[in-house]
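Report on the structure given below.
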Amino acid sequence: MARYSASGSQTLQSSGSGDATALSFAAQSTAHRNVIYEMWFGNTGSPADQVTVYTIGRITADGTGSAVTPSPLDAADRASQCTCLENHTAEPTYTSGGELLEMPLNHRATFRWVAAPGGEFVTPATDNNGIGMKAIHASATTDFRMGAMWEE
């Protein structure tokens, strides 16, 4: 299996209901499974003693955003077969009950998640299905960045 990495940024909305997806990746045209084994996220704006809730969830349709080209970790591997978007202007369609990970994190901290062996997140081999990475905060407007590594 080939391995890839991508990251994306977003400006956190100043509304508890204003989800802001920083990075999404989904299978396109060539349906395949993605095995996510590492993720990271943190605030890139001015540090403050505030908390943002970061959520990783399954998506069934990608939203609208700026394209990100996944980087193969081995330069000899083919290009990734999934699309990655950042800085979404229209949110992906998140699966009801499809939350995989949620982490409240102080703006002065960065968090890295690494799967235990056999604990990786796996997407179905279905077009437009994948993972969305978003954050919410009740009152802050700041920038944040999220990233992931996966196999396909």
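Here are the numbers:
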| quantity | calculated |
| --- | --- |
| Heavy-atom SASA rank of Leu23, Leu101, Leu73 (probe 1.4 Å, accessible area, largest first) | Leu73, Leu101, Leu23 |
| Two-site FRET efficiency, Thr69 against Asp49, from Cβ-Cβ distance with R₀ of 25 Å, rounded to 0.05 | 0.10 |
| Surface share of carbon and sulfur [accessible, 1.4 angstrom probe, percent] for the chain | 49 |
| Solvent-accessible area per residue, Å², over the chain with all protein chains present [probe radius 1.4 Å] | 46 |
| Of Pro124, Pro70, Pro92, the one that fluctuates the most in a GNM where the chain has Cα springs shorter than 10 Å | Pro124 |
| Two-decimal log10 I(q)/I(0) for the chain, as the Debye equation yields it once each C-alpha is a single scatterer, q = 0.10, 0.15, 0.20 Å⁻¹ | -0.31, -0.71, -1.23 |
| Residue order for Asp62, Asp74, Asp49 - accessible surface, 1.4 angstrom probe, largest first | Asp49, Asp74, Asp62 |
| Ranked order, Leu85, Leu100 - accessible area, probe 1.4 Å, largest first | Leu100, Leu85 |
| Probe 1.4 Å - accessible area at Thr142, Å² to nearest ten | 20 |
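The values are calculated or read from the model by the stated rules, or taken from the named source; none is laboratory data. Remember, predicted model here, so these are calculated numbers, not experimental data. Counting neighbours? That spans all protein chains shown, and the Cβs are built from the backbone with ideal geometry, glycine included. Note: areas computed on protein heavy atoms with side chains; ligands, DNA, RNA excluded. Shrake-Rupley method; radii C 1.70, N 1.55, O 1.52, S 1.80 Å.
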